[in-house]
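The following block contains the structure, expressed as structure tokens.
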């Protein structure tokens, strides 16, 4: 699955080479543009795979933050993730067929 992600030029490669072990609750998908993000979210949805907004997006855009905090900060990285990234769930209990569906969602 990682090879499919890394080979897709619609995605930004995530460098995790410094990690010895990855134990993630999600599979992040970072697209080059908002339009590509929208396209892949639609594709995953059509395959029956739930998606969620990237957890690291811009919290300043969330109602709880806007209603509680007056300060606003320039956060271009968070803004980019907010527009161009999403994730799908990850589980050690996924079957081979479920992993193939997720992989299919990552293909151009």
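Restricting to segment 6-26, what's the tally of residues that are touching a helix residue (DSSP H, G or I) at 6+ places or on another chain (Cβ under 7 Å) and modelled with pLDDT under 95?
Of all residues in segment 6-26, those touching a helix residue (DSSP H, G or I) at 6+ places or on another chain (Cβ under 7 Å) come to 8, 10-11, 13.
Adding the requirement that they be modelled with pLDDT under 95 leaves 13.
Number of matching residues: 1.
State whether the residues of segment 69-81 include one that is within 19 Å of residue 25 (Cα to Cα) and at pLDDT 95 or above. Don't jump to the end; show me each part of the working.
Applying the first criterion (within 19 Å of residue 25 (Cα to Cα)) to segment 69-81 yields 81.
Next cut, at pLDDT 95 or above only: none.
Within segment 69-81, none of the residues are within 19 Å of residue 25 (Cα to Cα) and at pLDDT 95 or above.
The values are calculated or read from the model by the stated rules, or taken from the named source; none is laboratory data. As the structure is a computational prediction, the values presented were derived from the model and not from experiment. Virtual Cβ from ideal backbone geometry, glycine too; neighbours counted across all protein chains shown.
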